[in-house]
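**Student:** This is the structure I want to talk about, given as structure tokens.
The values are calculated or read from the model by the stated rules, or taken from the named source; none is laboratory data. Everything numeric in this text was worked out from a predicted model, so none of it was measured. FYI the Cβ positions are ideal-geometry reconstructions off the backbone, even for glycines, and counts take in every protein chain you see.
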Amino acid sequence: MLFGVLDDVPAVSPLDLVAADLDVLLLERATTLNSHPGQVAFPGGSIDPGDATTADAALREAQEETGLDPAGVEVLGVMPELAIPHSNFLVKPVLAWWAAPSPIRVVDPAESAQVFRIPVRDLLAPDNRVTVTVAGRERLPGTPGFLVNGVVVWGFTAMILDHLFAQLGWAVPWDAGRGHVLSLE
């Protein structure tokens with residue numbers, strides 16, 4: 001979870017809980033991937049034998065997926081391990097600050113469809129919050145979600161952001177009854 005200072009696109013939301021230029025780096029996974037195709041996610045992946053720590057793996061994966069220069073990233077810590085039951089993954093989110101932002105791009109189109117930064121204020125704005133359900137799976141409970149700049153952030157990524165914002169005291173009340181049905185077809 002890489003936070004930084006957005007260089008040229010300030011937040012639209014007038015909320016003053018966080019700086020207008022605070023952002024988070026996200027990517028949209030390629031639709032051809034076997035797990036979580038087309039979902040918005042944080043850069044990340046598996047720990048390789050050459051990775052000394054979880055943070056080293058996160059920095060390597062972020063570089064491979066977005067082209068960022070890991071030398072400009074300050075790791076703040078590793079969060080407790082979390083399970084994603086749908087895919088049977090165990091994830092250890094790494095929280096980091098992008099002290100010296102570098103250019104980002106899609107490095108491998110087979111892995112990522114797009115790479116982008118979203119202002120945190122826009123994620124916090126109640127008008128951008130929804131409860132996401134998946135078409136055909138309406139029996140399952142919805143998850144917190146964000147609709148920002150035409151992108152739907154949902155599932156594990158949205159749950160992590162929602163939880164982090166609550167823990168930091170940044171959460172803003174929003175209408176959890178406002179739904180968004182997502183089609184995965």
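**Student:** Residue by residue through the range 1-55, note down the ones that are among the charged types (D, E, K, R), touching a strand residue (DSSP E or B) at 6+ places or on another chain (Cβ under 9 Å) and more than 15 Å from ALA113 (Cα to Cα).
**Tutor:** Matches in the range 1-55: ASP7, ASP21, ASP23.
**Student:** What do you reckon, is VAL18 more than 20 Å from VAL153 (Cβ to Cβ), β-branched (Val, Ile, Thr) and buried (at least 18 other Cβ atoms within 10 Å of the Cβ)?
**Tutor:** no
**Student:** Could you go through the range 108-124 and let me know if any residue there is among the acidic types (Asp, Glu), in contact with a strand residue (DSSP E or B) (Cβ under 9 Å, 6 or more places away or on another chain) and under 21 Å from LEU6 (Cα atoms).
**Tutor:** Yes, the range 108-124 contains a residue that is among the acidic types (Asp, Glu), in contact with a strand residue (DSSP E or B) (Cβ under 9 Å, 6 or more places away or on another chain) and under 21 Å from LEU6 (Cα atoms).
**Student:** Sticking with this structure for a sec: Those residues that are among the acidic types (Asp, Glu) and surrounded by 18 or more Cβ atoms within 10 Å (Cβ to Cβ), I need them from the range 116-162; list them, please.
**Tutor:** Once the filter is applied, which keeps residues that are among the acidic types (Asp, Glu) and surrounded by 18 or more Cβ atoms within 10 Å (Cβ to Cβ), the range 116-162 yields ASP122, ASP162.
**Student:** Moving on to the next point. Quick check on this structure: which one of GLU81, GLU74, GLU61 is in contact with a strand residue (DSSP E or B) (Cβ under 6 Å, 6 or more places away or on another chain), charged (D, E, K, R) and under 27 Å from THR143 (Cβ atoms)?
**Tutor:** Every option except GLU81 fails the conditions.
**Student:** I'd like the full set of residues that are closer than 22 Å to PRO101 by Cα and in a strand (DSSP E or B), limited to the range 29-85.
**Tutor:** Result: ARG29, VAL40, ALA41, VAL73, GLU74, VAL75, LEU76, GLY77, VAL78.
**Student:** Name the strands (runs of 3 or more DSSP E) wholly inside the range 99-149 in which the number of residues that are under 14 Å from the mean Cα position of the chain (by Cα) is 2 or more.
**Tutor:** Ranges flagged: 112-119, 143-148.
**Student:** Could we say that ASP16 is over 18 Å from the mean Cα position of the chain (by Cα) and at pLDDT below 85 here?
**Tutor:** So ASP16 does not fit the description; no.
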